[in-house]
Each structure stands twice: as structure tokens, then as C-alpha cells.
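Data block below; observations after.
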Protein chains: 2
Amino acid sequence: MTESLDRTRLAAWRAYIEASQRLFTQLEEDLRADSALSFADYHVLVLLSEAPGQRLRMGELASRLVFSPSRLTYQISSMQRRGLVARESCPQDGRGSEAVLTAAGLLTLRDAAPHHLNSVRTNLMDDLDDAEVACLTRIFERLGRRLRAERDASTTHPHS
Amino acid sequence: MTESLDRTRLAAWRAYIEASQRLFTQLEEDLRADSALSFADYHVLVLLSEAPGQRLRMGELASRLVFSPSRLTYQISSMQRRGLVARESCPQDGRGSEAVLTAAGLLTLRDAAPHHLNSVRTNLMDDLDDAEVACLTRIFERLGRRLRAERDASTTHPHS
DNA sequence: TAGCACTACTTCAAACTTCAACTACCTTCG
DNA sequence: CGAAGGTAGTTGAAGTTTGAAGTAGTGCTA
């Protein structure tokens, strides 16, 4: 490990984190401005709406959201209080529980989605040409696949 | 706004947020594993170490970190308690204060930096070829520039 | 040069996140 | 079967983040 990151890659890294922070902040702000949902709320609603039976196990949801178990418990409790989801215990596995999308949750999502997608478009995508979109997809799909795999490996074999 | 985001761009967006979440989580974990610093702590130390006089105004620091003022106040207080930075009131402007890097802070940074840069390299950069690095830089430098400009404009002219 | 609007930062309470127990249930192997 | 050990999710305390309100100092302008 002589020079860990060359000048070019360091610049790339810095541009990426700074702009990403700004982008996430801006999207969160836009979302709250026209929907009473946080980014996390929105993402939970999207995942549930796409799941078969509009329901997902807590663990599955946590791993897709990249949330710790306790963070997800809190998140779902909060959404349950607001009537966006319900919690049901899992019939196959008595330890488990599932989050289920409610009718109100679905309506809220349908209301919020166009605004949010529009915000993603104007804050990020409008500026990218097709080649850039392709590049972004390639980089981050590969990265996501690798990080997911590494995480799975490290939970299966708890030590290096 | 008929179809806000085409299929390709939606996929790009999803890959980007998911992988970014995983990456940030992993980097944070690596950083804590060998340094007792959070990602925010590390970033504060980097910015201060590069500033003239190794000191920065709170506002400047907040805007570069993309932190709210109160979040920065808390962050700096916490680092001050741990001896990483000191707080001095600004001579030019009696309202302001500056965060100053301490000797201990600098040592801590020098200790942590190689590990952290290595983690950025292995978790992200090793997988990218030069063209991808160039693409990443171009996309995110442009994005950062635009978001920074928009934020400035909206604080100068508080209403649309 | 006094007043008024503005800026820089801090504070406080409430909401959120983490981390380390803890509960309850499943699994497997003697 | 029935303990031992693992897994799924929750809880509680401590730490962090937010957002609104507060404090103090600046700078324009009349």
C-alpha cells in the first residue's frame, strides 16, 4: 500500500461523496415539501408495493434498505402509527414478522411518486446523457453486487 | 411530466442509491474498525488539515460538509471533547467561531488516513477502470457544481 | 449614530439511529 | 424427546440529527 489512491481517483472520490450528499439532502427536502414522507418512508412504500402480496419480512426489507434491524423496527413502527403499513406475524416462522402495505400507504405512495420521480429527474437525470447513464448503471450495479456478496459472505463465515 | 423517468434511468437511479448506501455503510464500518473516528469526524479532520492555519469558520465547514449549522455545532463539540479540535472565536467577526485542528487531531488523522484510503480503494476504486473513473468524476463534479449553485441561489433569493 | 434588518452560531426538545442486551422461536443432534 | 446453539426481531439507553427559537454581533441607512 504505497500510494493508496492516485490523484485522479481521489478527485473522483471527493466529487462523488460531496455531490451525493448534496443530492440526497435535496431529494429529501423535495420529498418532505410535497408529501410528509421521508426518503426512508418512500423507499419502504416502493419495496412493499412491488412485493408479492404487498408484504415483506422484516429481514428482507432491512437488507434491501441497508438498514440495521433495530432501525427497521423503529421505521416500521413509525409508519404503522401513521397508518402507512401494518405489522403481521409470519405464519411460516413464529419468530418473524411481516410489514404489509395498507390502502392508505398505497395511496400515499401514488400521490408522492410523480413528485419524487420528477425531483430525481430534475436534480440528477436531466443532466446526464445516455452514455453517462449507462456508465452510472454499470459502475453501481457492479458495486452493489459485490458489496452484497461480501456482506453475505461475512455473515455466513463470521471471521476473516 | 408524462413519464418522469424512463426504465433505463430508473434502473440507474436505483443501482446508484442502493450501492451508495452499502458503500457508505461499509466505509464507516471500516473506519470505526481501525480508528475510533466516524466518517464525519474524518472528513472534518481532512478539511481542517488542508485549510490555511488548519482552521475554518463554522459556516464554511458546514457548507463543505453539507451539514446543518446545528449538526456542525454538535459535531465540533463532540470532537472538542475528544481533543481532536479546538474552538476559537473569530477575531474579524464577533459572531463567528473557528474550529482549529489540534496536534492530537492531526496525529489521529495521519494514523487513520492510510487505512481509510485503502478502504476506499478496495471497496470502490479497484474495480473501476480509467474510463469509469473519468466518467464518475465528470458526472459528480458537474452535479456538485450545479447543486452548490442552486443552493446559493436559493439562500440569496429566499423565494422562487 | 441609533435603529433595524440580517447574519453566525448555539440551544433545546423531539425525532431518529446505534449498540448491546433480551425474548421468543426454530433446528439439530444426542 | 430435549437441551444447546442459532436466528428473527424487539427493547432500552446513549448518542446523533433536525427544526424552531434564541443570543449576540454586524452593517446599512436615515
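The values are calculated or read from the model by the stated rules, or taken from the named source; none is laboratory data. All figures in this text were calculated on a predicted structure; none of them were measured in a lab. No Cβ is skipped: glycine too gets one built from the backbone with ideal geometry, and neighbour counts run over all protein chains shown. Surface areas here come from the heavy atoms of the whole protein model, side chains and all, with no ligands, DNA or RNA. Shrake-Rupley method; radii C 1.70, N 1.55, O 1.52, S 1.80 Å.
Structural remarks
- Among residues that are modelled with pLDDT of 95 or more, open to solvent by 20 Å² or more (accessible area, probe 1.4 Å), at negative phi and assigned to a helix (DSSP H, G or I), A:A104 is included.
- Residue match in segment A:67-79 (condition: away from DNA strand D (no atom under 12 Å from the Cβ) and open to solvent by 10 Å² or more (accessible area, probe 1.4 Å)): no
- For B:A36, the stated conditions do not hold, so it cannot be described as closer than 26 Å to A:V66 by Cβ, of a type in the set (A, V, I, L, M, F, W, C) and within 12 Å of chain A (Cβ to nearest Cβ).
- Unmet requirement for A:S38, which otherwise passes all of (1) among the small types (G, A, S); (2) surrounded by 18 or more Cβ atoms within 10 Å (Cβ to Cβ); (3) within 13 Å of DNA strand C (Cβ to nearest atom): (2)
- Candidates are the residues of segment B:80-99 that are outside any loop (DSSP other than H, G, I, E, B) and of a type outside the set (G, A, S); the one that is nearest to DNA strand D (Cβ to nearest atom) is B:R81.
- Comparison of A:R64, A:R95, A:R81 shows that the only residue that is more than 17 Å from the chain's Cα centre (by Cα), modelled with pLDDT of 95 or more, of a type in the set (K, R) and more than 8 Å from DNA strand C (Cβ to nearest atom) is A:R81.
- Scoring A:A149 on the criteria (1) under 29 Å from A:E29 (Cα atoms); (2) open to solvent by less than 80 Å² (accessible area, probe 1.4 Å) leaves a single failure, condition (1).
- Pairs with Cβ under 7 Å, 6+ apart, first in segment A:38-57 and on the phi > 0 side of the Ramachandran plot, second more than 12 Å from DNA strand D (Cβ to nearest atom): A:Q54/A:L48; A:Q54/A:V100; A:Q54/A:L101
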